[in-house]
Amino acid sequence: MSSRNAILQRLRHRSGGELTAPACDFSVLKRPDWSTAEKVDLFQRMIESVHGEVHRTTDADWVDRVAELLKTRGAGNLLISKASSIGQTLRKEAGTREDLPDLLVYDEAIEHWQPELFNTVDAGITSTRGGIAETGSLILWPSADEPRLMSLVPPIHIAVLYASELYGTFHEAMLAQRWHEKMPTNALLVSGPSKTADIEQTLAYGVHGPKELIVLIIE
Amino acid sequence: MMTDNSPPLHKIDVKQFHPRARAAIHNPQIRQNFRKAMDGLMSKRTAAFEGMDLETLRDLGSNIRMRALANLPDLLEQLEQKLTENGIKVHWALDADEACKIVRDICVARDAKSVIKGKSMVSEEMELNHYLQERGIEALESDLGEYIVQLADETPSHIIMPAIHKNTGEISQLLHDKTGTDLSSDVNYLTASARLQLREKFRNADVGVSGVNFAVAETGTLCLVENEGNGRMTTTVPPCHIAVTGIEKVVPNLEDITGLLALLTRSATGQHITTYFNMISGPRKADELDGPEEVHVVLVDNGRSSIYQDDQLLDTLKCIRCGACMNHCPVYTRVGGHAYGTTYPGPIGKILMPHLIGLDEGQHLPSASSLCGACGEVCPVKIPIPDLLVRLRQESVDGDKLHPAKVRGHGSKRNSVEAMIWKGWGWMHAKPGLYRLGTGIAAKFRNLQPGRLGGWTQYRTAPKLAPKTLHQRMKERQQ
């Protein structure tokens with residue numbers, strides 16, 4: 001008999017007899033119906049408490065903020081996606097202004113430029129599928145246009161979050177966006193920069209992923 | 001000393017718990033490292049649950065896990081079907097050896113020479129690194145704590161914080177000796193140098209091996225909880241990802257993970273959420289630019305289906321591996337994780353390991369407890385750990401005639417003299433006349449009572465029988 005069938009058979013012919021499944025009441029996860037302003041405040045407080053950085057901005061101004069934030073950090077380049085509106089806006093703006101760093105487009109398979117991504121990219125910018133106020137989390141669904149490593153390998157990750165897309169809780173976000181119907185190859189909650197406390201419980205940032213997480217909240 | 005030279009797990013004699021515990025208790029460094037860490041973790045956990053209805057939340061956690069276990073075989077089949085539809089290859093392993101062999105076969109088929117690992121307790125259970133290394137495949141841990149422990153040729157002393165037994169000085173010396181990192185007490189510097197070393201390894205690894213926190217049957221999704229990003233690297237950068245998981249980790253619905261995640265991170269490290277919650281539902285699609293081209297899942301039984309047979313022991317399988325029980329355990333805090341000599345230390349280890357290694361091999365585990373009950377009180381999924389410890393103690397002496405012992409190696413601590421004493425005790429207590437006669441005689445000859453009673457009187461004075469029995473005193477009062 002295969003191991004699969006042996007395991008399943010043991011589980012099916014349980015000597016203690018059939019088990020009854022208890023009901024699960026998820027209402028304990030519910031939080032008050034926060035207004036958007038309250039959600040933004042809570043999100044900011046939570047993500048700042050874990051070393052994330054938040055800037056509130058608008059559709060008209062966010063490129064200025066990106067330019068300014070990267071300039072103060074001395075970033076020489078920024079990794080963008082090819083087709084997203086963020087990538088397209090940045091490329092369009094780059095033609096008319098000098099203060100943006102070099103824009104690198106993630107448009108070929110990682111195998112062709114892996115050393116470059118790991119060694120020379122300073123920052124990456126991605127969209128989000130909303131955020132979670134209660135825990136200060138960003139929802140990321142990497143895609144063909146915004147590949148997984150964009151938000152992981154560069155030392156600085158900038159994420160663009162629309163205030164109107166903030167949810168109270170993870171539970172609420174998952175149900176509202178009907179995740180159970182179709183999950184992408186990879187979905188992420190990101191709540192702050194990469195960190196560790198493995199050396200004597202002392203916090204250190206950027207152990208494997210980004211050292212800095214900057215969230216631009218578009219209001 | 002046990003810290004710096006603790007042998008690899010496969011060479012540890014679990015039965016030697018007492019000498020290891022004694023050595024740890026007399027090692028001020030260990031005492032200090034653990035005390036400091038556990039105190040911090042306990043207060044962080046309390047703070048993280050502030051303002052939440054913790055008891056109701058724990059009920060939810062317990063119900064989610066129990067609902068999953070109640071339908072375990074169906075859910076595993078559903079999970080297999082969904083994962084397969086998503087393009088993930090599913091393997092089943094009866095025991096640790098078979099699981100290791102599956103991983104190795106995948107590596108061999110890909111001509112893989114190096115494996116990078118994300119944190120996985122199941123792979124520790126399998127002793128996968130050792131297995132692969134003996135067969136010429138390099139297996140490198142990438143979680144910083146696991147990396148440190150591996151460099152030191154040790155095993156994790158805590159399931160969430162593997163290197164908690166070491167302080168900064170010890171780690172700096174280790175990194176200096178093994179990797180040439182400059183000696184430093186600056187944790188940021190040490191972390192940054194490990195980042196550089198490991199980034200090279202991620203880039204060049206042929207295979208990434210990770211664990212799984214929850215596997216969702218409904219969507220065929222593997223969930224990983226982490227702070228460092230090494231889990232994301234492990235599951236994204238190498239061309240092949242192998243996830244190893246115990247068969248009990250499956251839950252029916254995606255919704256279930258919201259309840260478990262809310263409990264897991266707060267219970268484990270006092271975080272409202274970890275930096276990354278990574279949900280993987282398939283390999284790289286044709287139009288995607290990164291991610292592994294192959295994803296495998298190894299569903300490992302290794303004793304779990306035996307635990308599953310018994311209604312009481314079943315609760316052991318609800319565990320979501322948060323480590324809160326060890327953080328709150330007075331025994332664990334004093335002896336540290338290595339004293340147990342098992343993959344899982346602390347209270348969860350005491351109720352889980354006897355099933356994996358037998359109650360004969362793990363005979364000291366259920367009794368390494370004061371039964372204070374703290375572990376049961378903090379368990380996010382309400383595993384009645386103290387009750388299970390008592391049950392295993394009974395099993396280890398075959399002490400319950402009404403419920404025959406089931407765990408492998410049961411009865412290994414049965415001592416015929418002790419059994420006879422308890423038999424006599426039971427007999428005497430069932431006969432009032434005999435009981436009075438017996439206690440009356442005992443009270444009369446109380447001065448003949450020995451002053452030393454084995455281990456009990458090593459640190460305590462022996463209890464002395466009262467000059468008069470309770471019955472005699474009650475009688476006097478009524479006169």
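The table below lists the values:
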{"quantity": "All aspartates and glutamates inside 15 Å of A:LYS92 as judged from Cα atoms, apart from same-chain residues fewer than 8 positions distant", "calculated": "A:ASP59, A:ASP61, A:ASP64, A:ASP102"}
{"quantity": "Förster-model FRET efficiency, 51 Å R0, A:TRP113 and B:ASN167, C-beta, rounded to 0.05", "calculated": "0.80"}
{"quantity": "Residues whose placed amide H lies under 5 Å from that of B:GLY246, excluding near-sequence neighbours", "calculated": "B:VAL300"}
{"quantity": "Taking A:TYR162, A:TYR167, B:TYR131, B:TYR340 and counting other C-beta atoms within 10 Å, the order from fewest to most", "calculated": "A:TYR162, B:TYR131, A:TYR167, B:TYR340"}
{"quantity": "Residue-by-residue Karplus 3J(HN,Hα) for region B:326-337, coefficients 6.51, -1.76, 1.60, Hz, glycine and proline x", "calculated": "6, 4, 9, 8, x, 6, 4, 4, 8, 9, x, x"}
{"quantity": "Residue pairs, from the table B:LYS382/B:LYS413; A:LYS195/B:LYS249; B:LYS82/B:LYS249; B:LYS444/B:LYS464, whose Cα atoms sit over 18 Å apart", "calculated": "B:LYS382/B:LYS413; A:LYS195/B:LYS249"}
{"quantity": "Estimated FRET transfer efficiency (B:GLN309, A:GLU98; beta-carbon r; R0 60 Å; 0.05)", "calculated": "0.25"}
{"quantity": "Order of A:VAL160, B:VAL225 - criterion: other Cβ atoms within 10 Å of each residue's Cβ, fewest first", "calculated": "A:VAL160, B:VAL225"}
{"quantity": "Amide hydrogen neighbours beyond the local backbone of A:VAL105, cut-off 5 Å, H modeled", "calculated": "A:ILE80"}
{"quantity": "Bridge type composition, chain B - antiparallel percent by DSSP, nearest 5", "calculated": "25"}
{"quantity": "Partner aspartates and glutamates for B:LYS285 [C-alpha distance under 17 Å; skip if fewer than 8 residues away on the same chain]", "calculated": "A:ASP107, A:GLU108, A:GLU111, A:ASP145, A:GLU146, B:GLU85, B:GLU293, B:GLU294"}
{"quantity": "Sorted by Cβ neighbour density within 10 Å, fewest at the top, the residues B:VAL237, B:VAL90, A:VAL121", "calculated": "B:VAL90, A:VAL121, B:VAL237"}
{"quantity": "Helix-only [θ]222 nm of chain B, DSSP H runs n ≥ 4, -39500 (n - 2.57) each, per residue, nearest 500", "calculated": "-14500 deg cm²/dmol"}
{"quantity": "Gyration tensor over alpha-carbon atoms, region B:101-228, equivalent ellipsoid semi-axes in Å", "calculated": "26, 18, 14"}
{"quantity": "Region B:416-478: relative contact order as a whole-number percent, Cα under 8 Å and 6+ apart", "calculated": "27"}
{"quantity": "Shape of region B:416-478, Cα gyration tensor, a/c cut at 1.5", "calculated": "oblate"}
{"quantity": "The protein assembly as shown: antiparallel DSSP beta bridges as a percent of all, rounded to 5", "calculated": "30"}
{"quantity": "Kirkwood hydrodynamic radius (C-alpha pairs) into Stokes-Einstein, chain B, 20 °C and 1.002 mPa s, D in µm²/s", "calculated": "88"}
{"quantity": "Lysines whose Cα lies under 20 Å from that of B:LYS113, excluding same-chain neighbours fewer than 8 positions away", "calculated": "B:LYS101, B:LYS201"}
{"quantity": "Given charges at Cβ of Lys, Arg, Asp, Glu: chain A dipole, positive-most of A:PRO142, A:ALA60, A:LEU19", "calculated": "A:LEU19"}
{"quantity": "Rounded Å value of the spacing that divides the Cα centres of region B:415-441 and region B:181-221", "calculated": "61"}
{"quantity": "Mean Cα-pair separation over length for chain B, i.e. relative contact order, pairs under 8 Å, 6 or more apart, %", "calculated": "19"}
{"quantity": "Cβ-based charge dipole, the protein assembly as shown, positive-most Cα from B:THR461, B:TYR147, A:TYR106", "calculated": "B:THR461"}
{"quantity": "Given charges at beta-carbon only (K, R positive; D, E negative), |dipole| of the protein assembly as shown in Debye", "calculated": "4520"}
{"quantity": "For q = 0.05, 0.08 Å⁻¹, Debye-computed log10 I/I(0) when each Cα of the protein assembly as shown counts as one equal scatterer", "calculated": "-0.27, -0.64"}
{"quantity": "Prolate/oblate/rounded label for region B:1-137 (Cα gyration tensor, a/c 1.5)", "calculated": "oblate"}
{"quantity": "Mean separation of Cα contacts under 8 Å, 6 or more apart, over the residue count of chain A: relative contact order %", "calculated": "26"}
{"quantity": "For region A:129-195 and region B:297-321, distance of Cα centres in Å", "calculated": "32"}
{"quantity": "Free-standing Cys residues across the protein assembly as shown, given no other cysteine C-beta under 4.7 angstrom", "calculated": "A:CYS24, B:CYS100, B:CYS107, B:CYS223, B:CYS240, B:CYS319, B:CYS322, B:CYS329, B:CYS372, B:CYS379"}
{"quantity": "Spin-label pair B:HIS26/B:LEU437, simplified geometry with 7 Å Cα→Cβ offset, distance in nm", "calculated": "4.9"}
{"quantity": "Shape of region B:29-71, Cα gyration tensor, a/c cut at 1.5", "calculated": "oblate"}
{"quantity": "FRET efficiency for A:SER15 and B:THR56, using Cβ-Cβ distance with R0 set to 41 Å, rounded to 0.05", "calculated": "0.80"}
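FYI, it's all coordinate maths here, none of it is from the lab. This one's a predicted model, so the numbers in the text were calculated from it and none came from an experiment. Positions of Cβ are backbone-derived with ideal geometry, glycine not excepted, and every protein chain shown enters the neighbour counts.
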